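Asker: Pasting a structure below so you can have a look.
The numbers here are math on the coordinates, done by the rules we state, and not lab data. Computed from a predicted model, the values in this text were never measured in an experiment. Here the Cβ positions follow ideal geometry from the backbone for every residue, glycine too, while neighbour counts run over all protein chains shown.
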Ligand code: PGA
């Protein structure tokens, strides 16, 4: 099975409405002939709808950066998976390290969100990754396994194949310290083994595993060339048309 490269831009809490639309328009035009990769952008929730409208009839899908796990009700400030689906959102990033570490999100919460996203027909991009001190202590795989087991608890093999996993070593996010292609490949291969052990070989071969953490137009091609790296989740370098395009063009 060949897995299509998937490049997603995580805009985080950046840009204005006009800057979002300008970026979306620029990407729409310049990706019109891209065939080697699936592409998505994940704007702040308030810009999801206008960006989705701007990207209609383009090669770019839209993702949210978070979702709440309940369907509706008295949950002030939250947004449901159905609401995201309703406005044309395709993907949702779950368990990003900034949500885990700054906002206190646990794997149990990520798991409830994963179930809710799948039930609404959204594709979850579930993030896992170790802190610097965990890598230095030699427990990277253990940490990633705990996040993997927790985040996908109770998910069927069929649903698992719909999910995307993003391996994002926390020490590489926004720091300019990218993992070497070998470091990324090692953890990606370990994650694929975890999927195989729990869901079987077919599911493991189907699931796309993105790398994230200081990916840019200079280092993308080498990382994406690794056999178990199926794409990138890009923060900073997704905020400019040319740098994001350079990453997309790194997909061969
Ligand atoms: P970065 O962020 O590319 O700015 O390191 C990646 C991410 O957090 O998804």
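Asker: Taking every Cα atom in region 1-149, find the radius of gyration and the maximum pairwise distance Dmax, and write them in Å.
Answerer: Taking only Cα atoms of region 1-149, I get Rg and Dmax of 16.4, 48 Å.
Asker: For region 161-178 and region 103-132, what is the separation of their C-alpha centers, rounded to whole Å?
Answerer: If we compute the Cα centre of each part, the gap is 14 Å.
Asker: How big is the equivalent ellipsoid of region 110-162 along its three axes, where each semi-axis is √(5λ) from the Cα gyration tensor, reported in whole Å from largest to smallest?
Answerer: So the equivalent ellipsoid measures 26, 10, 8 Å along its semi-axes.
Asker: Return the tail of the calculated pair distribution for region 140-252, meaning the percent of Cα-Cα pairs more than 21 Å apart.
Answerer: Value for region 140-252: 35 percent of Cα pairs lie more than 21 Å apart.
Asker: Extent of the chain along each principal axis, from alpha carbon coordinates, in Å, largest to smallest?
Answerer: So the extents along the principal axes, rounded to whole Å, are 46, 45, 35.
Asker: Could you tell me the relative contact order of the chain? Use alpha-carbon pairs under 8 Å, at least six residues apart, and round to a whole percent.
Answerer: 21 percent
Asker: Suppose a student asked you for the relative contact order of region 28-101, using Cα pairs under 8 Å spaced at least 6 residues apart; what percent would you report?
Answerer: Dividing the mean separation by the residue count of region 28-101 yields 30 percent.
Asker: Normalised by the number of residues in region 56-166, what is the relative contact order in percent for Cα pairs under 8 Å and 6+ residues apart?
Answerer: Details: 151 pairs, mean separation 28.7, N = 111.
It comes to 26 percent, rounded to a whole number.
Asker: Please give the Cα centre distance for region 136-154 versus region 180-235, rounded to the nearest Å.
Answerer: 15 Å
Asker: What ranking do 79-87, 35-43 get when scored by the average of other Cβ atoms within 10 Å per residue, highest first?
Answerer: Going by the mean number of other Cβ atoms within 10 Å, highest first, we get 35-43, 79-87.
Asker: Rounded if a/c is under 1.5, else prolate if a/b beats b/c, else oblate: with a ≥ b ≥ c from the C-alpha gyration tensor eigenvalues square-rooted, which is region 22-109? Please report the intermediate quantities before stating the final value.
Answerer: Numbers: a/c = 2.50, a/b = 1.76, b/c = 1.42.
Judged from the Cα gyration tensor, region 22-109 comes out prolate (a/c at least 1.5, a/b above b/c).
Asker: Okay, next question. For region 204-244, state what percent of all Cα-Cα pairs lands in each successive 10 Å bin, counting from 0 Å until the bin that includes the largest distance.
Answerer: 30, 53, 16, 1
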